[in-house]
Amino acid sequence: MVDSWVWPRAAYIHIPFCAHKCGYCDFASLAGVDHLADRYLTALESEMARMGTPQPVETIFVGGGTPTRLDAGQLRRLLAMIGRWFLLEPGGEWTVEANPGTLDEEKADVLAAGGVNRVSLGAQSFQPGLLQALERNHAPEEVGRALDWIRPRFPYWSFDLIFGVPGSTLPLWEADLETALSLGPAHLSCYGLVYEKGTALWKQWQAGQVREVDEEAERAMYEHTIDRLRQAGLLMYEISNFARPGHESRHNLIYWANDAYFGVGVGAARYVGGVRSVNTRDLPAYLRRIEEGREATGPIETLEPEAHARETAVLMLRRTIAGIDRSDFMRRTGFDLDELAGPTLKKYVGRGLLEEDGNRVRFTREGLFLADSVLCELV
Ligand code: SF4
């Protein structure tokens, strides 16, 4: 059997359509181009067909953009083509991202009938004012309504929340978490807001029109998240992800192990046979290239062994429970972790930001708050 870090056991499919472009969004997503959806699906199938033969996989993730922006017929077509080219093995995980404002009962039926068994819902906040600051175009009550369709149909589901939104405070974030918990999730992703260069929010911030939440308040929000979710039985298994045991996202665990994955669609990245490449983020260019029988990829990156090992260390360290297992690391990269990064690890163990038990290295609680600087030094 080929090793999972060489040949993919996971597939990512990107759907770029959105009802509206949120102010903080840096994803390959577009509003106002729904008329291109059928053409896009045809291009997606052409791109998948280039693999030559259907590929067995353990996980499929359909993300965006907003996959549920497609209409029910288009969703059905999408799932059928994915099912033809990616053969999900029994017990495999198939996730689709959904937006509370674009999911309806018919689409939920289509997803379930098509083989999807996990839905990731972009809730982001339950505070109307904060949703407005993020320029999200759904109302808080739409999350509960979407969950009424999701719960009976899918064994696994999750939603995303964002903390540190301009105008947010610790009490508002505490209230958001309580509302989230009252909905009974077994998996939650909680991300700190990032001002991505070039986004509408970043421009407003640069122009002094929005004020970022100060560092101390953001730390308090993150701290509260870790403690409150643990108390509720959702363990932090990655810097931003929390789950009841058995509900972790298997697809994302593949990314954090630096394993290989297929990627299809505009802006999609893939990592196959040690080679990483990314498709163009320009939708018209993607369509044109695929329709003309050309590759949609931009620059191809083959990482040198040491760069690959360092990247693997950074990704694995994001896993707050698993961390880096030295023997697994050696098996995957051919590098001894201590020869590669011994002084850095030692320094942070000494400062109480990392801990180790002889084999495994992982963040301490204090280290989680300074994770970015530790990870930067390992690259
Ligand atoms: S719904 Fe998601 S992908 Fe679409 S614009 Fe908003 S944040 Fe971006």
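The values are calculated or read from the model by the stated rules, or taken from the named source; none is laboratory data. Computed from a predicted model, the values in this text were never measured in an experiment. Note that we place each Cβ from the backbone using ideal geometry, even for glycine, and neighbour counts take in every protein chain shown. Calculation scope for accessible area: heavy atoms of the full protein, side chains included, ligands and nucleic acids excluded. Shrake-Rupley method; radii C 1.70, N 1.55, O 1.52, S 1.80 Å.
Key figures
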read-out	value
Per-region count, the range 139-177, residues closer than 12 Å to residue 100 by Cα, within 13 Å of the ligand (Cβ to nearest atom) and crowded, with 20+ Cβ neighbours inside 10 Å	1
Matching entry among 82, 13 (being within 22 Å of residue 272 (Cβ to Cβ) and touching a helix residue (DSSP H, G or I) at 6+ places or on another chain (Cβ under 7 Å))	13
Extreme residue, nearest to the ligand (Cβ to nearest atom), among residues of the range 47-57 that are over 20 Å from residue 289 (Cβ atoms) and surrounded by fewer than 20 Cβ atoms within 10 Å (Cβ to Cβ)	55
Any chance residue 136 is crowded, with 23+ Cβ neighbours inside 10 Å and either away from the ligand (no atom under 12 Å from the Cβ) or modelled with pLDDT under 95 (or both)	yes
Residue ID - farthest from the ligand (Cβ to nearest atom), chosen from residues in the range 15-46 that are among the charged types (D, E, K, R) and more than 22 Å from the chain's Cα centre (by Cα)	45
Residues within the range 1-19 that are surrounded by 17 or more Cβ atoms within 10 Å (Cβ to Cβ) and either over 23 Å from residue 95 (Cβ atoms) or modelled with pLDDT under 90 (or both), tallied	2
Pick from the range 62-113, criterion of a type in the set (Lys, Arg) and farther than 14 Å from residue 150 by Cα, ranking: nearest to the ligand (Cβ to nearest atom)	69
Evaluation of residue 284 against (1) in a helix (DSSP H, G or I); (2) within 30 Å of residue 157 (Cβ to Cβ); (3) open to solvent by 30 Å² or more (accessible area, probe 1.4 Å) (one fails), failing number	(2)
Odd one out for residue 194 among (1) among the β-branched types (Val, Ile, Thr); (2) in contact with a Ser or Thr (Cβ under 9 Å, 6 or more places away or on another chain); (3) open to solvent by 60 Å² or more (accessible area, probe 1.4 Å)	(2)
Contacts under 7 angstrom Cβ, first residue in the range 130-141 being assigned by TED's automatic domain parsing to the domain that holds residue 203, partner outside any loop (DSSP other than H, G, I, E, B) and near the ligand (Cβ under 9 Å from one of its atoms), 6 or more apart	131/124; 134/124; 136/124
Filtered residue count, the range 114-132, keeping only those that are farther than 30 Å from residue 58 by Cα, of a type in the set (Gly, Ala, Ser) and either more than 14 Å from the ligand (Cβ to nearest atom) or open to solvent by 30 Å² or more (accessible area, probe 1.4 Å) (or both)	1
Failed condition for residue 152, given (1) more than 18 Å from residue 133 (Cβ to Cβ); (2) touching a His at 6+ places or on another chain (Cβ under 9 Å)	(2)
